[in-house]
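Enquirer: Pasting a structure here, questions to come.
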Amino acid sequence: MTTTTHDTDALRALRALEDDRSSVRLRAALAVGTAPDPRFVDKLVERCAIEPEFFVRDMLTWALTRHPVSMTLPGLVREVRSERPQARSQALHTLSKIGDRRAWPAITRTLLSDSDDEVARSAWRAAVLLVPEGEESALATVLATQLGRGERETQLSLSRALVALGEVIAPALRAATAAPDPRVRTHALATERLLRDPDTGFEFAIEEAKRVVALGGSGQEGR
């Protein structure tokens, strides 16, 4: 009787993940995470790719983290290669929450430079968390190729990812301060400031960097 009841509850929860009401989907994801079941994993991964509500997606990610990594990792790694941007982004976000470095090979240069800003931001966050010891400098070099990209939110995400790597980013930033593109130079200088003084606000760092670039400087004078 217990098994039958459990199966019925499982089927009900799986159906509820597709309900038109976001509140119902949220409760279903919470229920699935509270009582993990291998049968839920594929559906959770599938739903992450199409769920329109941010807070429901976040609960789906939480539910996936409640299942064994051996069950979730293959599907998530497969999703980062999806043609659907949300599938890539949410899978990367979930991998960063799981934090298992076996996922590192899936964080490719292609993802780190993905044309979709949300995918790229998710890839940057995941990469910084999953990068193996000794590969931080190489990662910093790749991330530095994205300096100057996008609007403030995207630039802030990249700066945070770079700063999280620590002093290994200094050579890549120094090279970027001499780039021909003023947006790249500005972003590099602002990130350098954040590395030196983490309490500096990003807006202040950017505005200061803009003044330096406008005056024809690269921030390398006197080094």
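The values are calculated or read from the model by the stated rules, or taken from the named source; none is laboratory data. Keep in mind that what you see is a predicted model, and the values were worked out from it rather than measured. So basically every Cβ, Gly included, is an ideal-geometry build from the backbone, and we count neighbours across all protein chains shown.
Enquirer: Determine whether R193 is in a helix (DSSP H, G or I), among the charged types (D, E, K, R), surrounded by 17 or more Cβ atoms within 10 Å (Cβ to Cβ) and not assigned by TED's automatic domain parsing to the domain that holds A63.
Expert: Yes, satisfied.
Every residue, every condition in (1) within 27 Å of W104 (Cα to Cα); (2) touching a Pro at 6+ places or on another chain (Cβ under 8 Å); (3) at pLDDT 95 or above; (4) surrounded by 13 or more Cβ atoms within 10 Å (Cβ to Cβ), yes or no:
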residue	(1), (2), (3), (4)
E136	yes, no, yes, yes
R160	yes, no, yes, yes
D197	no, no, no, no
F204	no, no, no, yes
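Enquirer: Something else about it: Of the conditions (1) modelled with pLDDT of 95 or more; (2) surrounded by fewer than 17 Cβ atoms within 10 Å (Cβ to Cβ), R152 fails just one. Which one is it?
Expert: (1)
Enquirer: Residues to consider are A179, A175, A123; find the one that is out of contact with any Phe, Trp or Tyr (no Cβ under 8 Å at 6 or more places or on another chain), at pLDDT 95 or above, surrounded by fewer than 23 Cβ atoms within 10 Å (Cβ to Cβ) and of a type in the set (A, V, I, L, M, F, W, C).
Expert: It is A175.
Enquirer: State the number of residues belonging to region 54-87 that are within 16 Å of the chain's Cα centre (by Cα) and polar (S, T, N, Q).
Expert: Total satisfying the criteria: 4.
Enquirer: If you don't mind, another one. Does region 95-112 hold any residues that are more than 12 Å from the chain's Cα centre (by Cα) and more than 11 Å from T65 (Cα to Cα), and which are they?
Expert: R101, R102, A103, W104, P105, A106, T108, R109, T110, listed by residue number.
Enquirer: Check region 168-181 and report whether any residue there is within 16 Å of R109 (Cβ to Cβ), in contact with a Ser or Thr (Cβ under 9 Å, 6 or more places away or on another chain) and hydrophobic (A, V, I, L, M, F, W, C). Steps first, answer last, please.
Expert: Going residue by residue through region 168-181, those that are within 16 Å of R109 (Cβ to Cβ) are 172.
Subset that is in contact with a Ser or Thr (Cβ under 9 Å, 6 or more places away or on another chain): 172.
If we keep only those that are hydrophobic (A, V, I, L, M, F, W, C) too, we end up with 172.
Scanning region 168-181, I find at least one residue that is within 16 Å of R109 (Cβ to Cβ), in contact with a Ser or Thr (Cβ under 9 Å, 6 or more places away or on another chain) and hydrophobic (A, V, I, L, M, F, W, C), so the answer is yes.
Enquirer: With the requirement that a residue be farther than 15 Å from W124 by Cβ, out of contact with any His (no Cβ under 9 Å at 6 or more places or on another chain) and part of a helix (DSSP H, G or I), what does region 174-190 give you?
Expert: R174, A175, P182, R183, V184, R185, T186, A188, L189, A190, listed by residue number.
Enquirer: Further question on the same structure: Does D100 count as outside the structural domain of L195 (by TED's automatic domain parsing) and under 23 Å from L195 (Cβ atoms)?
Expert: no
Enquirer: Scan region 33-53 for residues that are part of a loop (DSSP other than H, G, I, E, B), surrounded by fewer than 21 Cβ atoms within 10 Å (Cβ to Cβ) and not β-branched (V, I, T) and jot them down.
Expert: A35, P36, D37, A49, P52, E53
Enquirer: Evaluate the following for A28: is it surrounded by fewer than 16 Cβ atoms within 10 Å (Cβ to Cβ) and either hydrophobic (A, V, I, L, M, F, W, C) or touching a Ser or Thr at 6+ places or on another chain (Cβ under 6 Å) (or both)?
Expert: no
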